[in-house]
Amino acid sequence: MGLVILFLLASALGACVHSAIYTSRVEQRFPPDGKTVEVNGTDMHVIRMGTPEGAPVLFIHGASANANEFDWSLAPRLEDRFDLILADRPGHGYSERPDKGAQLGVQARQMAGVLALEAGEEPAVVVGHSFGGAVALRLALDHPERVKALVLLAPVSHDWGGGGEAWYNSWGASPVSGLAFSQLVPIAGPGQARAGVVSTFAPDPVPEGYLENSAVNLLFRPDVFRANAQDVTALREELASQQDRYDQLTMPIVVFSGAEDTVINPTLHVGRLKHQAQNLELVKLTDSGHMPHHAHGEAVAEAIARLAGAR
């Protein structure tokens, strides 16, 4: 029994050392390329692009991602005309995790604080992808004075009734196993990244250089993986608490939804949202999946520009 305990302790120590080395190396490879601002006592990492004279546009990334998702896909199409604000969600990328960080209301509050600092009193067009769409919707509900319009990309918006939760997120979010399990993620996670990305993009092809350009491997740092797992496992309950409020939304909303989305079921999300929001334009992408800002980047950029308009 003593040898077994010694072996387990040695294995745990080895995993912790490996995760620390991984974190150091991946942060050297993908350092923060924005600035840190304090919002409600918590540091938020914000990338600024574009022209300060332009109308503000805020980008909110989805699960398993960070603000780099947009700085090479959508932002270059808009940076000559608009003031672009790309923020890591709380606990992701290089943003700190506040108390109760998995709550959509808390994440929306942090994004509202970023807008207050970076855009002043002027409302912004808010762009949200997938999980970021849920945060964008909550931002519009709780802080409507900050939101001029919404552009939602394959958004998750409603309690879908169960199913689809990955076992590793359940383990990572657990208050019992989460801390230990997250230390193992840097060992196996990076090797599975490519397959996960292919599945997310299907049936669309993965753009060349996606893993590098989007700094995907930042996800496998233990603290970030755990935050992501908590977000995902809390999402159904969080959506259930806000989905009956969508009839309060009066600002223009454009939704891009791929009929071949393999990550979420558009019928259970956009199909319900379009009957609640008062001013929603649905762009159906019949042959596309969960990443419309890559597969249909020009059309998405045109919608953002149309809603942002000129000052």
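Readers should treat all values here as calculations from the given coordinates under stated rules, not as data from a laboratory. Quantities reported herein were computed from a predicted structural model and do not represent experimental measurements. So basically every Cβ, Gly included, is an ideal-geometry build from the backbone, and we count neighbours across all protein chains shown.
Each Cα pair under 8 Å and six or more residues apart adds its separation to the average, and for the chain the resulting relative contact order is 21 percent. Each peptide in 86-95, 62-71 receives the mean, over its residues, of other Cβ atoms within 10 Å, and ordering these scores from highest gives 86-95, 62-71.
Just want to confirm a number: the relative contact order over the range 212-295, from Cα pairs under 8 angstrom separated by 6+ residues, in percent. Computed over the range 212-295, the figure is 30 percent. Less than 5 angstrom separates the built amide H of Asp43 from those of Glu96, all sequence-distant by 5 or more or on a different chain.
Its Kirkwood hydrodynamic radius, worked out from the mean inverse distance over all distinct Cα pairs, puts the chain at 19.7 Å. Here's the list of lysines a cross-link from Lys35 could span, going by alpha-carbon distance under 29 Å and ignoring same-chain residues fewer than 8 apart: Lys100, Lys148. Across the range 162-311, the relative contact order, built from alpha-carbon pairs under 8 Å that are at least six residues apart, equals 26 percent. Centre-to-centre, using Cα atoms only, the range 241-311 and the range 165-238 are separated by 24 Å. Relative to the first principal axis of the alpha-carbon coordinates of the chain, what is the inclination of helix 2-29, with its axis defined by its Cα atoms, in degrees from 0 to 90 and to the nearest 10? Here the helix axis deviates by roughly 40 degrees.
For Ser257, neighbours were defined as the other residues whose beta-carbon sits under 14 Å from its Cβ, and their charges (Lys and Arg +1, Asp and Glu -1) total -2.
Suppose we keep just the DSSP beta bridges with both residues in the chain; what percent of those would be antiparallel, to 5? Walk me through the intermediate numbers first.
Values: 10 of 35 bridges.
DSSP beta bridges in the chain are roughly 30 percent antiparallel.
Karplus-derived 3J(HN,Hα) values for the range 177-182, using 6.51 cos²θ - 1.76 cosθ + 1.60 with θ = phi - 60°, are 9, x, 4, 6, 4, 5 Hz; glycine and proline are entered as x. Partner aspartates and glutamates whose Cα lies under 16 Å from the Cα of Lys274, excluding those fewer than 8 positions away in the same chain, are identified as Asp159, Asp244, Asp247. With semi-axes defined as the square roots of five times the eigenvalues of the C-alpha gyration tensor, the equivalent ellipsoid of the range 123-221 measures 28, 20, 14 Å, largest first. Sequentially through the range 291-306, phi angles give Karplus couplings (6.51, -1.76, 1.60; θ = phi - 60°) of 10, x, 6, 9, 5, 9, x, 5, 5, 5, 4, 5, 5, 4, 4, 5 Hz, Gly and Pro residues having no value and appearing as x.
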